[in-house]
1. What tally of residues in the range 256-279 results from selecting those that are over 23 Å from the mean Cα position of the chain (by Cα) and not in a helix (DSSP H, G or I)?
2. So residue 80 fits all but one of (1) within 18 Å of residue 187 (Cβ to Cβ); (2) touching a strand residue (DSSP E or B) at 6+ places or on another chain (Cβ under 7 Å); what number is the exception?
3. Looking at (1) part of a loop (DSSP other than H, G, I, E, B); (2) away from the ligand (no atom under 16 Å from the Cβ); (3) in contact (Cβ under 8 Å) with a residue 24 or more places away in the chain; (4) more than 20 Å from residue 238 (Cβ to Cβ), which one does residue 130 not meet, given that it meets all the others?
4. Restricting attention to the range 13-64, which residues are in contact with a strand residue (DSSP E or B) (Cβ under 6 Å, 6 or more places away or on another chain), assigned to a strand (DSSP E or B) and crowded, with 23+ Cβ neighbours inside 10 Å?
5. Do the conditions hold for residue 148, that is, is it crowded, with 16+ Cβ neighbours inside 10 Å, in contact (Cβ under 8 Å) with a residue 24 or more places away in the chain and away from the ligand (no atom under 14 Å from the Cβ)?
6. Give the number of residues within the range 300-328 that are within 18 Å of the chain's Cα centre (by Cα) and closer than 18 Å to residue 164 by Cα.
7. For residues that are touching a strand residue (DSSP E or B) at 6+ places or on another chain (Cβ under 9 Å) and without any contact (Cβ under 8 Å) to a residue 40 or more places away in the chain, scanning just the range 168-205, find the one that is nearest to residue 116 (Cα to Cα).
Ligand code: UDP
């Protein structure tokens, strides 16, 4: 039971590799290590290389009996996608096309795709169901939607089965396994607030305090990365049972504002966080909350670690251990 995991040395991918190995699969990881960390991959087989390297893909698909592909490898910064869209279309769409074309050539039928709530754009309805109109508000979301469309067409023509997993806000860490969030540059709220708690940053900029929400700051649905990893393993099982292709939201169904996240970080770490009220960040919807009923009912997904306290405590434990981080 070999599964190709692209981006398996990255934040979410490495947690999925661990979940797959624990469920008896052999992860075959392909990662160019542009954001990933070689030491995050402790199970399976590792290949360093580009997603669109058709020679390497051919070798992998020939040497291994790949039953499904999990595709994590992507660029995922909204702001950067606005200033450098070419990079996003090249990496997220063109490279993915090459991967899909090789899959078709080698008769690999199952694809599990790291999609995102960014495909919905500014939601018309909260919580957001999977049927919600897909109208992404930035190039990052558009590249993810382009891949969804590509798979829908490939599925009709070449009999590929797919699962789109639309993540909300991934956070937390399996720190006991030595894996967690480690991006450069870091732009995500929770690691930034934890950096401030460690004294590595003087203050946290709160982007927008005049949103139509309970305290004026944006509300997000934070989901523990280990729960996301479980959903991937369940999606692999689901496709093995030859069930229908489909999309699944992955969130907890509850939203927390930026200020609420900062408050919980203060409680968990015992450190005072200085904040600075900053202008809105372009492209940020005021509220994103998932309706994940389908994943719960159909994939039999049971998020276990996703109380915000658990998420932040695990992220804090990781943050203190992260190579290069020293508590001040
Ligand atoms: N945010 C913030 N300050 C920061 C980083 C993020 O106020 O330094 C806000 C951001 O505007 C958004 C929320 O925190 O409303 C979550 O942002 P993040 O980048 O973590 O995830 P996103 O929702 O963009 O995927």
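We did not get these values from a lab; they are worked out from the coordinates using the rules stated. Everything numeric here is computed off the predicted structure, so don't read it as measured data. As a convention, Cβ positions derive from the backbone with ideal geometry for all residues, glycine included, and neighbour counts pool all protein chains shown.
1. 10
2. Of the numbered conditions (1) within 18 Å of residue 187 (Cβ to Cβ); (2) touching a strand residue (DSSP E or B) at 6+ places or on another chain (Cβ under 7 Å), the odd one out for residue 80 is (2).
3. Going through the list (1) part of a loop (DSSP other than H, G, I, E, B); (2) away from the ligand (no atom under 16 Å from the Cβ); (3) in contact (Cβ under 8 Å) with a residue 24 or more places away in the chain; (4) more than 20 Å from residue 238 (Cβ to Cβ), residue 130 breaks only (4).
4. Answer for the range 13-64, where residues must be in contact with a strand residue (DSSP E or B) (Cβ under 6 Å, 6 or more places away or on another chain), assigned to a strand (DSSP E or B) and crowded, with 23+ Cβ neighbours inside 10 Å: 27, 28, 29, 30.
5. Numbers: crowded, with 16+ Cβ neighbours inside 10 Å: yes; in contact (Cβ under 8 Å) with a residue 24 or more places away in the chain: yes; away from the ligand (no atom under 14 Å from the Cβ): yes.
Against the criterion (crowded, with 16+ Cβ neighbours inside 10 Å, in contact (Cβ under 8 Å) with a residue 24 or more places away in the chain and away from the ligand (no atom under 14 Å from the Cβ)), residue 148 qualifies.
6. 3
7. 188
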